[in-house]
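Right, one structure below, let's go through it.
Bear in mind these aren't lab numbers, they're just calculated from the coordinates by the rules spelled out. Because the structure is predicted, anything quoted here is derived from the model rather than measured. Every residue, glycine as well, gets a Cβ built from its backbone with ideal geometry; the counts of neighbours run over all protein chains shown.
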Amino acid sequence: MSNHEIADALRELQTTIGENNEAKGFHDDAPSRADFIPGERGDQAFEAALGHYHGNLHMLIVSEAVEAHEEIRHGRQAHEHYYSDGKPEGVPSEIADGIIRGFDYFHRNGIDGASAILEKIAYNTTRPYKHGKKF
């Protein structure tokens, strides 16, 4: 598969995820400039609210990694996949949720996630072994 085909598939996935999350009401919480008083104080308050909004979205991505870690802490294996009341559970499901949240973030913010991912993969191939990290 070419990088162009991969990018197209990732963009389609991003759109599918973003549109589904929007349809389910998960995009209704973004602050709107219209909700703040006109002027400098309103601008500052809006910028602060926007910062908190993005921070919360970032932490939702992190929270999925934490949930995956909790699965391990509760004795589940990294590859273990199970269902609870029909809902997929386990480390693979939580990691998938993190990826879904990441793709939704790209969608909400008009970011070309495919380009960002492919650029980062290409850069990482140029880095030395563990590039100074212990793990």
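Just a few scattered comments:
- Under 23 Å from LYS24, Cα to Cα: lysines that are on another chain or at least 8 residues apart: LYS87
- Rounded tilt (10° steps) of 113-124 against the dominant C-alpha axis of the chain: 50 degrees
- Sites matching trypsin sites (Lys or Arg not before Pro) across region 2-47 that sit in DSSP coil, with at most 14 neighbouring C-beta atoms within 10 Å: LYS24
- Relative contact order of region 13-135, taken over Cα pairs closer than 8 Å and 6 or more residues apart, is 26 percent.
- Considering every alpha-carbon pair of the chain, the percent of pairs per 5 Å bin, from zero through the bin containing the longest distance, is 2, 9, 12, 14, 16, 17, 13, 8, 5, 3, 1.
- Expected 222 nm ellipticity per residue - DSSP helices of 4 or more, -39500 (n - 2.57), all of the chain, to 500: -22000 deg cm²/dmol
- Protection-proxy order for peptides 12-21, 126-135, each taking the mean of Cβ atoms within 10 Å per residue, highest first: 12-21, 126-135
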